[in-house]
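> Quick one: the structure is below, questions incoming.
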Amino acid sequence: MDKLTANHLGTRIARGGKQWLAVAAMASVMLLAASAAAQRSEVDGLEVFIKAEKTYDSRKPINVVVTFKNNSGVPLTVLKWNTPFEGFRSDMFIVRDKDGKPARYIGRLYRRGRPTAEDYLEIPKGDLRKKTLDLSEAYEIRDDGEYTVQLKTFIRDYGRDQSPEALADRKQLGSFDTESNIARFEQRRPRRRPRPEPEVVPRFFDCSPLQEQQISQAHVKARESALKALGVLRDTAVDDRPGSRYEHWFGAYSTSNYGTVTTYFDKIAMALKKEDIPYSCDCNLPYYAAVAPAEPYKIWLCNKFWQTPTTESGSRLVTILHEMFHFFATGYAHHAELRTPCESLASVPGKAVQNADSYGFFAENDPPL
């Protein structure tokens, strides 16, 4: 091959390479445009994105990040129901394999009543909120291969420049169609089917049938309140911390104290969810309850416990969370008891974050803050 022919061939290859790159770039732009076009929401000014990793190991979570961005000129308040910001309480994602077959939803579905102010998410104008969820917790994604995922749900209520309290007073909810872009990911190996986690129920000693029923109700409320409190602490963006609810019960913010409160709630919530909690009614003293460090998680319920309400401020769940705190506290935990003294104790954050009753009232959140 002479030099002229070689140069000509090299030029053609170079041009071909540029043409291929141009085609690839155009395809990439078209793919991004198609993905962006899939985003749609009947909530004015709300933009919804979902992001997934390129690949996931079958032994690890399939974590995806959902972002709600407020592109309107005013603050948006959105009901968290049917969105990632309340966790898996509805079938809100469409997950498909490479053949288009949808993954089965295996999470729970809830019948709800009326929302409270705590059920709403506030997004300042121009700001965004993010939530990470593990798809493998609620969808059967077993086989290896390629998948797509899209958030496709109905937001039940929202308001523009309206407070959560004002929206919670509405008589009727709506239904606003909301879809994200479509994200793609690959699972490299088949995922084992997880063993079902048995429901842990409390045990009772020296309790009447009525007392057992009342304890069971309080136990469930304590567990749910602790999990919600943990969610609030973890989901509050760093720039928005600590929030008025935290300040009300634990005082001025510091990274260390905020971490302490989050850690304690994590331990309390997980114990109520997974551990065997024995309750004894063999206590006739004029107190609320008692625990013994030598007997982990056993709670003796005393006379005042039965005199407290089941749902109002200062309810039985406060007592249960107070006693659970003792199993994890490292020092004195009775700096203040009952609502008003605990509110005053917030002026001394170092003591408030080590005070058992403060955790109970923070979790109860009645009235909502």
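The values are calculated or read from the model by the stated rules, or taken from the named source; none is laboratory data. None of these values were measured; they are calculated from a predicted model. A quick note on method: Cβ atoms are made from the backbone with ideal geometry, for glycine too, and the neighbour counts reach across all protein chains shown. Ligands, DNA and RNA are stripped out before the accessible areas are found, and what is left, the full protein with its side chains, is counted by its heavy atoms. Shrake-Rupley method; radii C 1.70, N 1.55, O 1.52, S 1.80 Å.
> Please work out which residue is least open to solvent (accessible area, probe 1.4 Å), limiting yourself to the stretch 157-186 and to residues that are among the charged types (D, E, K, R) and in a loop (DSSP other than H, G, I, E, B). Spell out how you get there, then give the answer.
At the first step, the residues of the stretch 157-186 found to be among the charged types (D, E, K, R) are 157, 160-161, 165, 169-171, 177, 179, 184, 186.
When the remaining residues are screened for being in a loop (DSSP other than H, G, I, E, B), the result is 157, 161, 169-171.
Working: Asp157: 2, Asp161: 109, Asp169: 113, Arg170: 82, Lys171: 182 Å².
The qualifying residue least open to solvent (accessible area, probe 1.4 Å) is Asp157.
> When residues of the stretch 104-156 are filtered for being out of contact with any Ser or Thr (no Cβ under 8 Å at 6 or more places or on another chain), of a type outside the set (D, E, K, R) and not in a loop (DSSP other than H, G, I, E, B), how many remain?
So the answer is 10.
> Give the residue that is most open to solvent (accessible area, probe 1.4 Å), with candidates limited to residues of the stretch 71-83 that are within 19 Å of Pro124 (Cβ to Cβ) and within 20 Å of the chain's Cα centre (by Cα). Please lay out each step first, then the result.
Step one: filter the stretch 71-83 for residues within 19 Å of Pro124 (Cβ to Cβ), giving 71-80, 83.
From the residues that got through so far, the ones that are within 20 Å of the chain's Cα centre (by Cα) too are 76-80, 83.
Numbers: Leu76: 1, Thr77: 3, Val78: 2, Leu79: 0, Lys80: 47, Thr83: 1 Å².
Ranking the candidates gives Lys80 first.
> For the stretch 349-360, how many residues meet the condition of being open to solvent by 10 Å² or more (accessible area, probe 1.4 Å) and either in contact (Cβ under 8 Å) with a residue 40 or more places away in the chain or over 18 Å from Lys221 (Cβ atoms) (or both)?
Of the residues in the stretch 349-360, the ones open to solvent by 10 Å² or more (accessible area, probe 1.4 Å) are 349-351, 354, 357.
Those left that are additionally either in contact (Cβ under 8 Å) with a residue 40 or more places away in the chain or over 18 Å from Lys221 (Cβ atoms) (or both): 349-351, 354.
The number of residues fulfilling the criteria is 4.
> Please give the number of the condition Tyr297 fails out of (1) hydroxyl-bearing (Ser, Thr, Tyr); (2) in contact with a Lys or Arg (Cβ under 8 Å, 6 or more places away or on another chain); (3) closer than 26 Å to Ser208 by Cβ.
(2)
> Then there's this: Just one of the numbered conditions (1) more than 30 Å from Gly159 (Cα to Cα); (2) surrounded by 11 or more Cβ atoms within 10 Å (Cβ to Cβ) is not true of Leu210; which one?
(2) is the only condition that Leu210 fails.
> Output the number of the condition that Phe205 fails; it satisfies all remaining conditions of (1) closer than 30 Å to Asp57 by Cβ; (2) surrounded by fewer than 13 Cβ atoms within 10 Å (Cβ to Cβ).
(1)
> Continuing with the same structure: Go through the stretch 91-103 and give me each residue that's surrounded by fewer than 17 Cβ atoms within 10 Å (Cβ to Cβ) and assigned to a loop (DSSP other than H, G, I, E, B).
Those that are surrounded by fewer than 17 Cβ atoms within 10 Å (Cβ to Cβ) and assigned to a loop (DSSP other than H, G, I, E, B): Lys98, Asp99, Gly100, Lys101.
> Can you tell me which residue is nearest to Leu76 (Cα to Cα) among those in the stretch 128-155 that are among the basic types (Lys, Arg) and within 16 Å of the chain's Cα centre (by Cα)?
Of all residues in the stretch 128-155, those among the basic types (Lys, Arg) come to 129-131, 142, 152.
Subset that is within 16 Å of the chain's Cα centre (by Cα): 129-131.
On the way: Arg129: 11, Lys130: 15, Lys131: 17 Å.
Per the criteria, the residue is Arg129.
> Show the residue pairs meeting these rules: Cβ distance below 9 Å; 6+ apart or different chains; first residue within the stretch 239-253 and touching a residue at least 40 places away in the same chain (Cβ under 8 Å) and more than 18 Å from Ser225 (Cβ to Cβ); second residue assigned to a helix (DSSP H, G or I) and aliphatic (A, V, I, L, M).
Gly251/Leu345; Gly251/Ala352
> Here is a further query. Assess whether Phe88 counts as being more than 14 Å from Ile155 (Cα to Cα), at pLDDT 90 or above, under 18 Å from the mean Cα position of the chain (by Cα) and not in a strand (DSSP E or B). Write out each step before concluding.
Values: more than 14 Å from Ile155 (Cα to Cα): yes; at pLDDT 90 or above: yes; under 18 Å from the mean Cα position of the chain (by Cα): yes; not in a strand (DSSP E or B): yes.
It is true that Phe88 is more than 14 Å from Ile155 (Cα to Cα), at pLDDT 90 or above, under 18 Å from the mean Cα position of the chain (by Cα) and not in a strand (DSSP E or B).
> Any residue at all in the stretch 309-318 that is part of a loop (DSSP other than H, G, I, E, B), open to solvent by less than 30 Å² (accessible area, probe 1.4 Å), under 17 Å from Ser216 (Cα atoms) and touching a residue at least 40 places away in the same chain (Cβ under 8 Å)? Lay out the reasoning, then the answer.
To start, the set of residues in the stretch 309-318 that are part of a loop (DSSP other than H, G, I, E, B) comprises 309-315.
Among the residues that remain, those that are also open to solvent by less than 30 Å² (accessible area, probe 1.4 Å) are: 314-315.
Then keep just the ones that are under 17 Å from Ser216 (Cα atoms); that gives 315.
So of that shortlist, the ones also touching a residue at least 40 places away in the same chain (Cβ under 8 Å) come out as 315.
The answer is yes; a qualifying residue exists.
> Just to be sure, is Pro296 modelled with pLDDT under 95 and farther than 20 Å from Phe361 by Cα? Even if it seems obvious, please write down each step before you answer.
Values: modelled with pLDDT under 95: yes; farther than 20 Å from Phe361 by Cα: yes.
Answer is yes for this residue.
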